[in-house]
Amino acid sequence: MCNCWIGILHNYDQCDTNNLELDTYVDKLKDISRVSFAMAKTSGRFKAFSPKSYIDKRRGLATLFNFCPWCGAEINWRELRKAL
Ligand SMILES: [Zn+2]
């Protein structure tokens, strides 16, 4: 089974930790959400985002693939959202 590559979080620094993969996206999105809430608390200008916000196409916080570039499987975002 492929551990599908499902998207890339937008971040000024391009590094591997921005990649979203099937087996880690839940923990990763919950972690960055927690950081965003902490930053919002210390800075009035920073907006906090829920884990689901990061994979909301309208917010543009990440590039979300329609298909896994490695195995070609279609990515079911509606299903993936349920885990958050
Ligand atoms: Zn795949």
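Converting phi to 3J(HN,Hα) with the Karplus coefficients 6.51, -1.76 and 1.60 and the offset θ = phi - 60°, region 41-52 yields 5, 8, 10, x, 8, 7, 8, 8, 10, 6, x, 5 Hz in sequence order, with x at every glycine or proline.
Taking amide H as placed 1.01 Å from N in the peptide plane, the amide H of CYS4 sits under 5 Å from that of LEU22, each at least 5 places away or on another chain.
Using R₀ = 41 Å, calculate the FRET efficiency as 1/(1 + (r/R₀)^6) where r is the Cβ-Cβ separation of ARG78 and THR42; round to 0.05. It comes to 0.75.
Could you pull out the trypsin sites (Lys or Arg not before Pro) across region 1-77 that fall in loop regions by DSSP (anything but H, G, I, E, B) with no more than 13 other Cβ atoms inside 10 Å? Kindly include the intermediate steps, with their values, before the conclusion.
Working: sites: LYS28, LYS30, ARG34, LYS41, ARG45, LYS47, LYS52, LYS57, ARG58, ARG59; in loops: ARG45, LYS47, LYS57, ARG58, ARG59.
Listed in order of number, the matching sites are ARG45, LYS47, LYS57, ARG58, ARG59.
Under the convention that each Lys and Arg Cβ holds +1 and each Asp and Glu Cβ holds -1, the size of the dipole of the chain around its Cα centre is about 640 debye. If you run the Gaussian network model on the chain, springs between alpha carbon atoms under 10 Å, then out of TYR25, TYR12, TYR54 the most flexible one is TYR12. A dipole drawn for region 12-81 from +1 and -1 charges on Cβ atoms has a positive end, and of ALA40, THR24, TYR12 the residue lying farthest that way is ALA40. Fully extending the segment from ASN66 to VAL26 would add 12.6 nm, taking 0.36 nm per residue of separation and subtracting the current Cα-Cα distance.
Where a number appears in this text, it was derived from the coordinates with a stated rule and is not lab data. Note that the structure is a prediction, hence the values are computed from the model and not measured. All Cβ positions, glycine included, derive from the backbone under ideal geometry; neighbour counts span all protein chains shown.
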